[in-house]
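Note sheet for the following structure.
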Amino acid sequence: MKVDPITFAVIKSGLDSIADDMAYTVVRIARSEIVKDVMDFSAAICAGDGQMVAQAKTIAQHLGAIPEAMASVLSRFEGDLHDGDVIIMNDPYHGGMHLPDIFMFMPIFHDGKRRAFSVVICHHTDVGGRVPGSNASDSTEIYQEGLRIPPLKLYDRGVLNTTLEALIKINVRVPDRVWGDLSAQFAASQVAKRGLEKLMVRYGADDVDAYMQELLDYAERLTRQEIKTWPKGTYDFIDFIDNDGFSEKPIPIKVAITVNDDGTLFVDYTGSSPQVKGALNSTLSFTHSLTYLSVRCVLAKDVPNNVGLFRCIKVKAPEASILNPVMPAPCAARALTGYRVFDTMLGALAKIVPDKVPAAGEGGNSVICISGLRPNRQPFIIVDMICGAWGGRPDKDGLEAVTNASQNLSNLPVEVMEAEHPVRVEDYSFVPDSCGAGQYRGGVGIRRSYRILADEALLQLRTDRVTFQPYGLAGGEPGGSSRNFIEIGNERSALPGKITRTVAQGTLIIHEQAGAGGYGNPLLRDPVQVREDVLDGKITAAFAHRHYAVTFDTHGVLDVEATSQLRSARTVAASSAGTHGA
């Protein structure tokens, strides 16, 4: 088939629009805050052979895992897929990520032939297991984490599998929310079906098939062309997770990226930690996903987000490692490890394309889960995923109170949380002086506190960057550390980064998220910008003096002469010491 560039562009845009319509449908119909407000879900379209060709502007971390989940579905049902079938699965050892993320696949037929698949992934509030939310970092085997679903038909030729429906509803703590979100996934799949049918009627199903394949090849060509311009060689980096909650031993994530002459990359995670006791283990599908999206972040904007890009990247993750665990390793809190894979990949990519990589962000969202029973004995489950800060960029400051760059989440509105659950948020603010100093500073961290109003609640924390701060780049300084506190009466004490414990009514839980790393020598930052940061409350005058050598007089006015003298003195001292001296 001869490719017409205009038709190619129209079909590409049509597929992207259908995927986005799927996402809008999920938001409008979903029942749980984690989906409709936090937006922890994804949508994509695959060709008839299962290769992902388009994705919605949703959770990037999910989407690179689709190929392995799809392979599991096809391995189980190839030859037994029909119009009206809907397959769901969540098992990490069948291509999934962690149990709360339920995949829904629907084959789409036209003229009697399978032409495409819709794919919708939602993070469900609860899928059973030993703790509410099914997302604890202190589970020690997959069997504790909830209901495992291998690829199974939820609908068979349009008929609901009521046995599977009953099995799901009886095993989860909030069946109305879980089934409501599954219904949103199903509705989004119908939107995909209608949109694709219109596209095929207009342009012809065979031509749409051919253009889907061309779209994959196009993404591969663009990716290879860009990688060929990168300096050849092997570039490594190492970052750490503080610990797994059972031991204080740091968990290394190590990567070596080899840039090949043919425009491909070999990404080797040899040297990373063995799989751990806690539930931080990342399935190979999830490790692949974080690897792909890290590379995608430094490519040109016009490279399509599909499997064609993935073809250019080969990944090696040792078996039985934290990045490729074996049964029965727990995986519930694997997102934390995914964030650190992202940070580690960007650290290595900064050595290859330094003008495209920011300093480290906050280290991934913090998860504060609070659950218990209402007076009527009905359960409540809060899964608050706090989105924080971006690192300083090569030409701009970092951002704050935004999604981690590897996700596309939103902070849960306080009003929604308080209206739905017995908790009161008493502080939602920035943490002054938590940013990494630099010519372009990192974003500051977020503080959030929760007053328990229920008689009793179960608290689960999944936080990190307490010990290992987000790194700076190009002379920028690391971001601040994460901190957790519990306040009972008038006594405040520190909490570890990862814990599950019972708390009583009136207890105050405080989380301070890490700030992001800075980019560039802090002594090169414009003193006027430093003054603005002080006025905005993001840093104190003491921080400005200590990290930026910026001085204010007794009235808080910028002292230009004193600042110039202090910076000159520090520059001389730094030259002697071989550092920037900030």
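Take the Cα pairs of the chain, get the Kirkwood Rh, then feed it into Stokes-Einstein at 4 °C and 1.567 mPa s and tell me D in µm²/s.
Values: Rh = 24.8 Å.
D, rounded to a whole number, is 52 µm²/s.
With a probe of 1.4 Å, find how much accessible area the chain has per residue, and write the answer as a whole number in Å². If you can, show how the numbers build up before the last one.
Working: 21680 Å² over 582 residues.
I get 37 Å² per residue for this part.
Got a number for carbon plus sulfur as a percent of the chain's accessible area, 1.4 Å probe? Before the final figure, lay out each step's value.
On the way: 11360 of 21680 Å².
The value for the chain is 52 percent carbon and sulfur by accessible area.
What Kirkwood hydrodynamic radius do you get for the stretch 200-285 when you take the inverse of the mean 1/r over all pairs of distinct Cα atoms, in Å?
Its Kirkwood hydrodynamic radius stands at 16.6 Å.
May I ask for the net charge around Gly50, where only other residues with Cβ less than 15 Å from the Cβ of Gly50 are counted and Lys, Arg are +1 while Asp, Glu are -1?
On the way: positive: Arg76, Lys113, Arg114, Arg115, Arg311; negative: Asp49, Glu68, Glu78, Asp80, Asp85, Asp209.
Neighbourhood net charge equals -1.
Leaving ligands, DNA and RNA out of it, work out the accessible area of Lys36 with a 1.4 Å probe and give it in Å² to the nearest 10.
In the full protein context, Lys36 sits at about 60 Å².
Take the Cβ-Cβ distance between Asp217 and Tyr143 as r, set R0 to 56 Å, and report the resulting FRET efficiency rounded to the nearest 0.05. Could you put the intermediate results ahead of the total?
Values: r = 43 Å, r/R0 = 0.76.
Between Asp217 and Tyr143 the formula returns 0.85.
Write down the Kirkwood hydrodynamic radius of the stretch 1-157, to one decimal in angstroms, obtained as one divided by the mean of 1/r over all alpha carbon pairs.
Working: mean 1/r = 0.0608 Å⁻¹.
Kirkwood hydrodynamic radius for the stretch 1-157: 16.5 Å.
Roughly how many nanometres apart are two label points built 7 Å out from the Cα toward the Cβ at Val326 and Val572?
Placing both labels 7 Å beyond Cα along the Cβ direction yields 6.3 nm.
Dipole magnitude of the stretch 457-530 about its Cα centre, charges +1 at Lys/Arg Cβ and -1 at Asp/Glu Cβ only, in debye to the nearest 20?
For the stretch 457-530, the charge dipole is close to 220 debye.
Quick one: how many Å² of Leu215 are accessible to a 1.4 Å probe, rounded to 10?
Probe radius 1.4 Å; accessible area of Leu215 about 10 Å².
How long is the gain from Tyr24 to Thr234 if the chain were fully straight, where each residue apart is worth 0.36 nm and the alpha carbon distance is subtracted?
Values: separation 210, 0.36 × 210 = 75.60 nm, distance 4.15 nm.
Gain in length upon complete extension: 71.4 nm.
If I model the stretch 396-435 as equal point scatterers sitting on the Cα atoms and use the Debye formula, what is log10 I(q)/I(0) at q = 0.21, 0.33 Å⁻¹?
-0.86, -1.13
Please report Rg over Rh for the stretch 273-377, where both radii come from the alpha carbon positions and Rh follows the Kirkwood definition.
Working: Rg = 16.7 Å, Rh = 15.5 Å.
Radius of gyration over Kirkwood radius for the stretch 273-377 works out to 1.08.
Once both labels are modelled 7 Å past Cα along the beta-carbon direction, what's the Leu160-His82 spacing in nm?
With each label placed 7 Å out from Cα toward Cβ, I get 1.9 nm.
Hey, got the Cα dimensions of the stretch 76-196 along the principal axes, in Å, largest first?
Over the stretch 76-196, Cα extents along the principal axes are 50, 27, 24 Å.
How far is helix 205-227 tilted, in degrees, relative to the longest principal axis of the Cα atoms in the chain, given as a value from 0 to 90 rounded to the nearest 10?
Relative to the chain, helix 205-227 is tipped by roughly 30 degrees.
Give the angle, between 0 and 90 degrees and rounded to the nearest 10, that separates the Cα long axis of helix 162-171 from the longest principal axis of the Cα atoms of the chain.
30 degrees
Could you work out how far apart the two model spin labels at Arg374 and Lys396 are, taking each label as a point 7 Å from the Cα in the direction of the beta carbon, and quote it in nm?
In this crude spin-label approximation the distance works out to 4.2 nm.
So how far, in whole Å, is the C-alpha centre of the stretch 382-416 from the one of the stretch 30-68?
So the separation of the two Cα centres works out to 19 Å.
Need the list of lysines near Lys498 for cross-linking: C-alpha distance under 21 angstrom, and skip anything on the same chain fewer than eight residues off.
Lys249, Lys277
With all protein chains present and a 1.4 Å probe, how do Trp179, Trp390, Trp230 order by accessible area, largest first? Present the calculation step by step, with values, prior to reporting the outcome.
Working: Trp179 45, Trp390 80, Trp230 10 Å².
These residues rank, largest area first, as Trp390, Trp179, Trp230.
Straight-line reach from Lys538: which aspartates and glutamates have a Cα under 15 Å away, not including same-chain ones fewer than 8 places off?
Partners found: Asp397, Glu400, Asp433, Glu512.
What list of whole percents do you get for P(r) of the stretch 150-205, with Cα-Cα distances grouped in 10 Å bins up to the one holding the largest distance?
Histogram of Cα-Cα distances, whole percents per bin: 20, 41, 24, 12, 3.
With charges set only on the Cβ (+1 for Lys and Arg, -1 for Asp and Glu), what does the dipole of the chain come to about its Cα centre, in debye to the nearest 20?
Working: 58 positive and 69 negative charges, 76 e Å.
Value, rounded to 20: 360 debye.
Compute log10 of I(q)/I(0) for the stretch 388-455 with the Debye formula, placing one identical point scatterer on every Cα and leaving out solvent, at q = 0.24 Å⁻¹, to two decimals.
-1.01
The values are calculated or read from the model by the stated rules, or taken from the named source; none is laboratory data. Worth saying up front: this structure is predicted, and the values here are computed from it rather than measured. As a convention, Cβ positions derive from the backbone with ideal geometry for all residues, glycine included, and neighbour counts pool all protein chains shown. All accessible areas refer to the heavy atoms of the entire protein, side chains included, with ligands and DNA or RNA removed. Shrake-Rupley method; radii C 1.70, N 1.55, O 1.52, S 1.80 Å.
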